[in-house]
Amino acid sequence: MNGALIKPLATLGAVLLLLVGGRAGFDALIETTPPPNMRMATSTLMLDRDGRLLRAFTVVDGRWRLPVVLGAVDPTYVAMLLAYEDRRFASHPGFDALALVRAGWQLLSQGGIRSGGSTLTMQLARLLEPRSTRDAGGKLRQIRTALWLERRLDKSAILQTYLTLAPYGGNLEGVRSASLAWLGKEPRRLTPAEAALLVALPQSPETRRPDRHPEAARRARDRVLEHVRLAGIIDVDEAAAARAEPVPRARLDAPMLAAHLTDRLRRAQPERAVHHLTLDAGLQERLEQLANARAAALGPRVSMGILVADHARGEILASVGSAGLFETARQGHVDMTRAVRSPGSALKPLIYGLAFEDGRAHPESLIEDRPSAFGGYVPANFDLGFQGTVTVRRALQLSLNIPAVKLLDAVGPARLVARMRRAGARPVLPDLSPPGLAVGLGGVGVSLTDLVDIYAAIARGGRPVILRDTLDEEAAGSGSLGVVIAADAGAPVLEARAAWYVASILAGAPAPTNSAPGVLAFKTGTSYGYRDAWAIGFDGRHVAGVWVGRPDGAPVPGVAGIDAAAPVLVEVFARLGPMTPLPPSPPGILSTTSAELPPPLRRVQDPRAASRGGVHAPQIAYPPEGAHVELGLGGGRAADLVLRVRDGVPPFTWFVDGAPVVREPYARTARWAPDGPGYVAISVVDARGAAARVNVFLE
C-alpha cells in the first residue's frame with residue numbers, strides 16, 4: 001500500500017473503533033486512558049512592577065517555554081488559529097470525525113490531503129506525548145488522550161496549554177516565546193501578517209524558520225492569510241497589506257534586563273515560577289543603555305554600576321550591575337552594585353552629620369584647613385593644597401580632607417561605622433581591624449548598595465530604610481537576599497536637623513558641567529589611585545548612585561568622581577523625569593551667619609586640646625546616660641529638666657537633638673523645658689569645642 005495512505009486510513013480505522021464500541025465502550029476507553037504528563041515546566045519569569053517582562057530563563061533542557069495567559073494573546077491571532085487549524089474546536093469532543101472523513105476522502109479521490117484532520121486537542125495530545133501517530137495504534141492513543149483532555153479541561157485551558165507548548169523552530173515553544181523571538185514583542189497586539197506567521201510556523205517549525213527559510217515562511221504565512229480572508233476574519237485590503245509586510249529574517253535575543261539582579265533572585269528562590277520585582281523596565285533599559293555608552297567612552301576595560309531607588313517607598317527602581325553583561329574586557333559578569341570597593345570621600349556627609357548632631361559644628365562654623373597630624377596619620381587634600389579658614393559648609397562642598405578628619409576625630413570612627421550599619425550598610429574593615437581615622441577618606445570597603453542605603457537615610461531626614469527589590473512577600477520577608485518590606489529599619493542614622501543640614505549643603509555643591517546648581521543634593525568620591533569614581537545623590541523622592549572604574553581594581557588615571565560619575569548621575573535623574581524638591585527644614589534649624597552663632601559654634605575647636613594643660617573634657621553629670629527621667633510630661637504642669645556639667649572650660653552651650661537650647665556663661669547647672677515625652681540626645685560643648693553627650697528618655 002502507498003505509504004501516504006497509511007496515516008489517514010489508520011485514523012479512519014481508529015475512529016471506527018471508537019464508534020462501534022457504543023457509548024459504554026466509548027466512556028470506558030476514555031476513562032482507562034493513561035493520563036498524559038501535564039506537569040510541563042515553563043520558563044521562570046522576572047516581571048517589573050507593572051508586569052512587564054524583564055527576563056526569562058530557559059527550562060532544564062534549554063527550551064524557551066514562556067507561560068501563556070489566553071487573555072494576553074491577540075484575539076485576531078486566536079481567531080485565525082481556530083479558523084485555519086480547527087474551526088469546530090468549540091463543539092467537537094476532542095476529535096473532529098467530519099474532518100477525518102474529509103481528509104481520507106481527499107486522499108482517496110484526489111491523491112492528496114488539502115485539509116488536515118487533527119484537532120488542536122489532538123495536536124496538544126501529541127505535544128504532551130510525543131509518540132508516532134503513523135500507525136492505527138498511535139493515532140488511537142492520540143485520539144484517546146484528546147478525549148481524556150476534553151473530559152478534564154475546558155476549551156480555554158486546552159487552547160492555553162497548546163499555545164504554551166506549540167513548537168516554533170529551534171528551542172522556541174509557545175506563542176509568547178515565538179512572538180518575542182521573531183517579532184520582538186509580546187503577542188498581546190499583532191498585525192494580521194504577524195498573527196498569520198505565528199499560525200503557520202507550528203505546522204513545520206524547522207522548514208519554515210524565518211531566519212533560515214524566510215521564503216518558505218512567507219509562503220506559509222500567505223496561505224494562512226488567504227484562508228482567513230475566505231473565512232471572513234480579515235477583508236481583501238487587510239490581506240493585501242499583510243502580504244506586503246516583510247517576514248522577519250533574524251531571531252531576536254530574549255529580554256535580559258537587570259541580568260545580575262534577576263540571576264541572584266532566581267538562584268535564591270529557584271522554585272518560584274514568577275518573580276515580581278520593584279524595578280521599572282523602561283527606566284532599567286534606558287539606564288543600561290546609558291551605562292554602556294558612557295563606559296565605552298571611558299575605555300575598553302571600564303565598567304559602570306548604577307542603582308536607583310524611591311527612598312520614600314523603599315523600592316529599587318533600576319539596578320545596572322555592569323556596562324554589558326557579555327563584555328569580557330570589562331568583566332561584565334561582575335555585579336558592581338554589590339562589589340566591595342573604597343568609597344573615597346563619599347562618607348564625608350555622614351561625618352559632618354554626626355558633628356551637627358553633637359553640637360560640635362554648624363554649617364556656618366569656621367574650621368581650619370591647614371596641615372595637620374593625628375598621631376602618625378597625616379592626611380592631605382586631593383589637590384595637595386590648603387584653603388585656610390573656611391566654613392564647614394564650604395569644607396564639605398569642596399570635599400576638603402583635613403576638616404573631615406578633624407570632625408571624624410571628634411565624633412569617633414567607631415561611631416561613624418555604627419551609623420553606617422544603622423543605614424543597612426555592611427562596611428568591611430581591613431584585616432578586621434578597629435576603625436581608624438582613615439575610614440573617613442575611603443579606608444573601608446563598601447558597595448554601591450551600601451552608599452545608596454546611607455544617602456537614602458539622609459534624604460529621609462535621617463530615618464533608615466532597607467531597600468527592597470521584590471514585591472513578592474515571601475522573598476521580601478526573608479533575609480537571604482538582604483531585603484525586607486520597605487519600612488523604617490530602626491534607630492535613626494542621623495537626627496532630623498543634622499540630616500537637613502547635610503542635605504542643604506550637598507544641594508549647594510558645585511554642579512557638574514551638565515547640571516544647574518542647587519537642583520540635586522549630591523556628593524562625589526574618588527578612591528586612592530583613581531580606582532573608583534563615585535557619585536551619589538538624591539532629591540525629594542529618588543536616590544541614585546553611580547560607580548565607575550575597572551572591576552579588577554586596576555587604576556584608571558584621571559577618572560574622578562566629579563568628571564566621570566557625576567555627569568552620569570545627572571543623566572540618571574534626567575531619565576527619572578521632573579525633579580522633586582527637597583523637603584522643608586524641620587523645627588529647630590538655626591539659620592544665621594558665622595558671627596551670630598553661639599560662641600562655642602563659631603569656630604570648630606580641636607577636641608584634643610580639651611585634655612591639655614591638666615584640664616579635662618566636659619562630662620554631663622546629670623542626667624546620666626540611658627536614664628528615664630520623670631518630669632510629669634503626660635499631663636499638668638511639667639517640671640524643667642536640670643542639666644549639670646563637670647570639667648571643661650566655660651562658657652557652656654547645651655544642645656538637644658542638635659539644636660542649641662541653653663547657654664550658661666559660667667554656671668555648670670542649667671534648666672530646660674522639654675516640649676514633650678520621648679527620647680532626646682543631650683550634648684554640651686565648652687569654650688574649646690570639647691563636647692559630651694547622653695541619650696535619655698523623658699516622661
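Each value in this text was obtained by applying a stated rule to the coordinates, not by laboratory testing. Everything quoted here is computed from the prediction, not taken from an experiment. FYI the Cβ positions are ideal-geometry reconstructions off the backbone, even for glycines, and counts take in every protein chain you see.
Miscellaneous remarks
- Inter-site label distance for ALA244 and LEU432 at 7 Å from Cα along Cβ, in nm: 7.5
- Between 0 and 90 degrees, the angle of helix 401-411 with respect to the longest Cα principal axis of the chain falls at about 80 degrees.
- Most tightly packed first, judged by the mean number of other beta-carbon atoms within 10 Å of their residues, the peptides 622-632, 455-465 read 455-465, 622-632.
- Contact order normalised by residue count of the chain, Cα under 8 Å, 6+ apart, percent: 10
- Beta bridges per DSSP with both ends in the stretch 611-698, % antiparallel, nearest 5: 90
- Taken as Cα centroids, the stretch 150-222 and the stretch 225-250 sit 16 Å apart, rounded to the nearest whole angstrom.
- Whole-Å distance, taken between Cα centres, linking the stretch 398-476 and the stretch 41-66: 36
- Stokes-Einstein D for the chain, Kirkwood Rh over Cα pairs, 20 °C, 1.002 mPa s (µm²/s): 71
- Gain on full stretching of the segment that runs from ARG52 to MET40 - 0.36 nm per residue minus C-alpha separation: 2.0 nm
- Packing around the peptides 542-554, 71-83, taken as the average count of other Cβ atoms within 10 Å per residue, puts them in this order, highest first: 542-554, 71-83.
- In plain terms, the chain from PHE697 to ARG646 could stretch by 16.2 nm, reckoned as 0.36 nm per residue minus the Cα-Cα distance.
- Relative contact order of the stretch 611-698, pairs being alpha-carbon contacts under 8 Å that are 6 or more residues apart, as %: 36
- Applying 1/(1 + (r/R0)^6) with r as the Cβ-Cβ distance of LEU252 and ALA554 and R0 = 41 angstrom yields a FRET efficiency of 0.70.
- Ranked by the mean number of other Cβ atoms within 10 Å of their residues, highest first, the peptides 343-350, 57-64, 506-513 come out as 343-350, 506-513, 57-64.
- Under a 5 Å amide H cut-off, with hydrogens placed 1.01 Å from N, LEU317 pairs with VAL308, ALA309, ASP310 among residues at least 5 apart or on other chains.
- Between LYS155 and ALA380, the contour length at 0.36 nm per residue exceeds the Cα-Cα span by 73.4 nm.
- Each label was represented as a point 7 Å from its Cα along the Cα-to-Cβ direction; for ALA297 and ASP606 these points are 4.6 nm apart.
- According to the Kirkwood relation over distinct C-alpha pairs, the hydrodynamic radius of the stretch 611-698 is 13.3 Å.
- Debye, to nearest 20: dipole size of the stretch 611-698, +1 on Lys, Arg Cβ, -1 on Asp, Glu Cβ: 280
- Each of GLU285 and ASP61 was given a label point 7 Å from its Cα along the Cα-to-Cβ line. The distance between the two points is 3.2 nm.
- Computed P(r) (all Cα pairs; the stretch 152-276; 10 Å bins; percent): 12, 36, 32, 15, 5, 0
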